[in-house]
Amino acid sequence: MRTTRRECLALMGAAALGACADAPEPEAETQPAGDGLDGRIIDGHVHVWTSDVAAYPLPEGRDPAAMKPPSFTPEELFAHCKPVGVNRINLIQMSFYGSDHSYMLAAIEKYPENFAGTGLLLGITDEGSTPVETMLDLARHKVSAFRIGGGQYSKDGAGEWMDHPKFEAIYKAGTEHNLAPSFLVGPEHLPEIGRMSERFPDTPVIIDHIARIGAGGKPPDPAHIDALTALAKHPRILLKLGAFYALSSEGPPYTDLLPLIRRMVEAFGPERCMWETDCPYQVQPPHTYAASLALIRERADFLSASDKENILVRTAEKFFFER
């Protein structure tokens, strides 16, 4: 039985918006050639993992049965992305592995032309944690962003939840080394991100999944849209446009999201927006990889050719691959 979209969203964790259903199916769709983007397009957000828990064990207490789909290896990813012209990907450390980045780093080492990475920072404010040391260590392996889940520090989003010396150290290291805190947050957490960008204007910052505006099938709240676009005044904040499977109330081809995407591009500019899929969740039926790409590449007719090149190539290329 296929897991419903509502059930998938109920399973949201620290590293993904949605979950599961059936195993990925081969992509039959292709994108039209002629725009000069084939082979250059970058997917800004993909998780990979393996069912081989002997070689890459899970942390104590993690159940391999919770890995849904059971695996999404680089090779499984390539079967979806390469036929539609996507050859480079920013990998996101999967929460299944906790702080052990071994599998993601092995993938980057095996396919250095295809992959860059975003690490995962957990327990930042815990006694004995060393987030800056983690950042600098991973940065030696093509990892230039570091995922932070706002909900684990502020359940209701209120207050200055990054008012802690270790968050300040993260931002200072970000400025010095061009490394980005990358936030998996909801709209309620956005004011605190803005406050930190006021304090540390030279630190690059990435916001995932359009700040999950509309997740759960709800119409986008105008107040949430305003909260996100208010951050556009900070020139080093980048925004990921994706996880369409989770944000669209209508499903493929996701055209109900076009007004939201247009508002974001107008606010941030295409040079600060990047496309992402959030695979493997984007390829769980009825969703497909090609449908996510087509929303930007074909259906967003308000975007110029230059806009699309920025969103699909240059924004992610400049930050993740030209270092």
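A few remarks follow.
- Cα-based equivalent ellipsoid, region 145-207: semi-axes from gyration tensor eigenvalues, Å: 18, 12, 10
- For region 270-323, the spherically averaged projection of the C-alpha convex hull amounts to 4.0 nm².
- Measuring how big region 67-109 is from its alpha-carbon positions, Rg and Dmax come out at 11.3, 32 Å.
- Using alpha carbons only, the radius of gyration of region 249-296 set against its Kirkwood radius gives Rg/Rh = 0.99.
- Förster-model FRET efficiency, 30 Å R0, residue 111 and residue 176, C-beta, rounded to 0.05: 0.55
- P(r) tail fraction, region 41-88 - alpha-carbon pairs more than 13 Å apart, %: 63 percent
- Relative to its residue count, the chain spans a Cα convex hull of 126 Å³ per residue.
- Size of charge dipole - region 89-245 - debye, nearest 20, with Cβ of Lys, Arg +1 and Asp, Glu -1, no other charges: 420 debye
- For region 215-323, alpha-carbon Rg over 2.2 N^0.38 Å: 1.03
- Neighbour cut-off at most 10 other Cβ (10 Å), DSSP loop, chymotrypsin sites (Phe, Trp or Tyr not before Pro), region 200-256: none
- Ranked list, fewest to most other Cβ atoms within 10 Å of each Cβ, for 49, 275, 161: 161, 49, 275
- Computed about the Cα centre, the dipole magnitude for the chain is approximately 320 debye when only Lys and Arg (+1) and Asp and Glu (-1) carry charge, each at its Cβ.
- Cα pair count fraction exceeding 23 Å, expressed as % - region 25-119: 29 percent
- Among 146, 65, 200 the positive-end extreme of the charge dipole of the chain (Cβ point charges): 200
- Considering only 182, 228, 118, the residue lying farthest towards the positive end of the dipole of the chain is 228, judged by Cα position with unit charges set on Cβ.
- In this label model, residue 54 and residue 223 are separated by 5.5 nm, measuring between points 7 Å along each Cα→Cβ vector.
- Once exposed loop GluC sites (Glu not before Pro) are cut out (DSSP; at most 14 other Cβ, 10 Å), longest piece of the chain: 161-249
- Dipole orientation for the chain: of the candidates 39, 50, 79, 39 has the Cα lying most toward the positive pole (charges on Cβ; Lys, Arg +1; Asp, Glu -1).
- Links that overshoot a 18 Å alpha carbon limit, given the list 68/240; 110/142; 82/240: 68/240; 82/240
- Simple point charges give the picture: +1 on the Cβ of Lys and Arg, -1 on the Cβ of Asp and Glu, and for region 119-181 a dipole about the Cα centre of about 320 debye.
Throughout, read-outs are computed from the coordinates displayed, never taken from laboratory work. As the structure is a prediction and not an experimental result, all values here were calculated from the model. Ideal geometry is used to build each Cβ from the backbone, glycine not excepted, and the neighbour counts take in all protein chains shown.
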